[in-house]
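Read the structure below first, then the notes.
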């Protein structure tokens with residue numbers, strides 16, 4: 001207790017300036033919190049309670065929801081296991097994660113799904129504990145390899161789960177699910193493409209350099225909304241009518257545009273990393289007899305990517321939030337749902353603040369988890 | 001370096017030329033695709049692509065289970081029932097007000113039923129064909145009852161909340177500036193923030209279609225005074241006939257859409273509902289009813305109007321969706337939009353709902 005008091009005195013009441021700052025800060029926090037709490041208590045949340053399914057999975061029919069649940073449980077278990085195996089997060093930050101993720105779980109768990117959620121949570125905790133406690137290093141190597149492979153095949157598996165046994169049409173995918181899927185696709189496809197573009201722009205072959213530069217500048221030069229609209233109305237006219245290319249599904253078109261858009265931004269971030277590697281390293285690797293390809297793969301790229309991890313993650317977060325722009329393509333993503341449910345019936349009129357607050361909360365939680373993971377990686381890599 | 005730039009510019013232009021050539025080629029093929037018989041395309045595909053609204057109460061909203069429902073949605077269902085025999089075979093594309101005509105023109109949707117006002121420029125310049133209106137609306141003005149405004153003329157200097165990019169905004173300007181009444185428009189992209197602003201009394205007037213005003217008024221929260229706190233002024237600022245539209249030169253589908261709408265109106269006039277359509281079809285009361293339902297009268301021949309769909313299409317429509325009055329009662333009456341005395345009453349009751357004869 002005495003230590004606590006002295007800490008408070010040290011940190012908050014050290015000097016006159018500290019006292020003033022602390023009091024202003026405390027008043028500010030009190031004001032924000034009291035407004036927030038009175039908003040939460042005084043609002044009618046039926047709008048959200050009724051539309052939980054809509055917010056998470058959009059127009060997907062009720063009987064297909066198990067697909068979303070399967071994907072959710074697979075991802076959760078894989079995530080907890082890999083966090084435990086790779087990062088050894090301490091109990092304190094694990095509790096923080098759990099509390100953070102509990103917010104959406106509390107909002108979106110219904111009576112029907114309670115058992116399911118509990119089951120997933122118990123499984124995740126078991127896997128987390130197993131990973132946390134495992135000492136056998138040979139077993140650990142095998143498991144961590146399995147995890148690595150699982151991450152790589154996770155996305156194809158998700159698509160398989162969404163499509164097997166006569167799955168719903170892609171245009172019916174929606175809600176928060178479509179935001180997460182689009183962001184995952186854009187990141188997984190955009191990252192390798194971005195690396196190639198960055199290397200291309202730094203290349204000494206003039207034509208490759210020109211094409212990469214042109215691509216990056218053209219894609220970055222127009223807003224994402226413009227590209228999405230082009231993909232919707234103009235792309236079908238450009239594409240040859242082979243393999244059904246000209247009537248590509250609207251969701252696939254959104255995925256392509258988002259990936260291309262993401263790659264241009266990621267390329268510029270990685271180029272920054274490439275330029276920060278001193279020339280001497282390249283010379284040294286040549287002196288060791290490496291050719292330029294192995295120099296790039298083993299010397300330059302690993303260092304460059306390590307340096308730009310914080311910027312890359314903030315690009316990822318930006319891409320994740322950009323996925324909410326797909327509503328103009330008639331894809332009912334989370335933000336679109338948030339804006340249309342107040343119009344559902346007269347009782348909900350004028351409640352867009354409530355629905356948008358929940359939308360913001362969901363985006364915030366995922367972004368926060370992403371940035372926490374990046375911080376953990378940074379710590380692990382000693383950046 | 002300079003030489004290199006030149007090569008870059010030349011190659012860029014050549015790429016653009018190739019793309020332009022390609023686009024020209026495929027536009028022509030694309031438009032021939034679009035102008036080809038959409039009705040046959042729908043039959044081959046087995047689903048109807050319907051462009052709709054997803055956030056207009058009563059006309060088109062997304063229900064909590066993810067299905068679409070509303071007045072406009074029921075006409076999509078009716079067209080699917082007529083062409084494919086199953087009202088559930090519709091794929092809905094929710095469209096924003098600004099993207100709707102491009103979506104129809106580019107072939108993303110077959111038919112657009114999204115509370116779209118029939119105007120000359122939309123009919124001609126944008127390459128659309130409007131069928132008979134399904135709902136006659138008009139722009140109105142809603143004010144607080146205690147504000148003292150009783151007409152547009154009295155609203156000098158008022159701030160008016162309006163949705164941007166709609167005909168509503170233009171009509172508002174026509175009415176006020178045209179009569180030399182000073183006013184300040186306050187524009188919003190969607191209805192809900194507009195309502196928040198109105199509740200916060202950032203604007204004195206709220207203008208949109210009268211149907212929208214009536215439903216917004218009926219649902220006005222009690223905390224802000226409830227429906228009694230608001231008055232919709234008697235004046236109608238504009239005519240807003242809302243109805244389905246198809247692409248120009250797409251007569252086969254256009255005719256089907258047109259006559260499904262007329263059929264639903266005629267069925268109401270003849271007293272055929274979803275509950276009695278089966279018995280009426282088995283035993284039609286008069287030759288006109290028999291022609292509407294596509295059955296022979298007293299053992300006579302079935303008259304096929306040659307729409308390219310089953311002659312008894314109206315039976316499917318009425319059985320699965322209902323007649324015009326049923327659709328109206330299902331979606332718009334709960335919002336407080338009564339039909340009596342309005343333009344949307346049957347012509348026999350003094351309204352504009354009038355179907356040409358099925359003959």
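Values for this structure:
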{"read-out": "Candidates B:274, B:211, B:179: whichever shows maximal mean-square fluctuation once chain B is modelled as a Gaussian network with Cα springs under 10 Å", "value": "B:179"}
{"read-out": "For the protein assembly as shown: Kirkwood Rh in Å [reciprocal of mean 1/r, alpha carbons]", "value": "29.9 Å"}
{"read-out": "Considering only the stretch B:138-239, percent of DSSP beta bridges that pair antiparallel, nearest 5", "value": "55 percent"}
{"read-out": "Distance in nm between pseudo-label sites at residue B:349 and residue B:278 (7 Å out along the Cβ direction from Cα)", "value": "2.8 nm"}
{"read-out": "Cα shape, the stretch A:173-383, gyration tensor, a/c 1.5 rule", "value": "oblate"}
{"read-out": "Theoretical ellipticity at 222 nm over chain B - DSSP helices of four or more residues, -39500 (n - 2.57) apiece, nearest 500", "value": "-12500 deg cm²/dmol"}
{"read-out": "Two-site FRET efficiency, residue B:153 against residue B:120, from Cβ-Cβ distance with R₀ of 30 Å, rounded to 0.05", "value": "0.60"}
{"read-out": "Computed FRET value (nearest 0.05) for residue A:188 with residue A:20, which takes r as the C-beta separation and R₀ as 45 Å", "value": "0.35"}
{"read-out": "Cβ-Cβ FRET estimate between residue A:125 and residue A:145, R0 fixed at 30 Å, reported to 0.05", "value": "0.85"}
{"read-out": "Contact order relative to length of chain A, as percent, for alpha carbon pairs under 8 angstrom and 6 or more apart", "value": "21 percent"}
{"read-out": "Simple label model, 7 Å out from Cα along Cβ direction - residue A:303 to residue A:230, nm", "value": "3.7 nm"}
{"read-out": "Mean-position separation - Cα centroids, the stretch A:270-310 and the stretch B:289-357, in angstrom", "value": "74 Å"}
{"read-out": "Contour excess over end-to-end distance, with Cα ends at residue A:364 and residue A:69 and 0.36 nm allotted per residue", "value": "104.1 nm"}
{"read-out": "GNM flexibility winner over chain A from A:180, A:248, A:335 (Cα, springs under 10 Å)", "value": "A:248"}
{"read-out": "Relative contact order (%) - criterion: Cα under 8 Å, at least six apart; region: the stretch A:61-168", "value": "52 percent"}
{"read-out": "Relative contact order for the stretch A:263-340, counting Cα pairs under 8 Å that sit 6 or more residues apart, in percent", "value": "31 percent"}
{"read-out": "Computed lengthening from residue B:222 to residue B:170, 0.36 nm per intervening residue step minus Cα-Cα distance", "value": "15.5 nm"}
{"read-out": "The stretch A:118-206: C-alpha gyration tensor shape, a/c 1.5 cut-off, then a/b vs b/c", "value": "oblate"}
{"read-out": "Candidates A:21, A:361, A:33: whichever shows maximal mean-square fluctuation once chain A is modelled as a Gaussian network with Cα springs under 10 Å", "value": "A:21"}
{"read-out": "Cα gyration tensor shape for chain B, rounded if a/c is under 1.5, else prolate or oblate", "value": "oblate"}
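Where a number appears in this text, it was derived from the coordinates with a stated rule and is not lab data. Owing to the predicted nature of the structure, the values given are computational and were not obtained by experimental measurement. Heads up, the Cβs are rebuilt from the backbone with ideal geometry, glycines too, and the neighbour counts pull from every protein chain shown.
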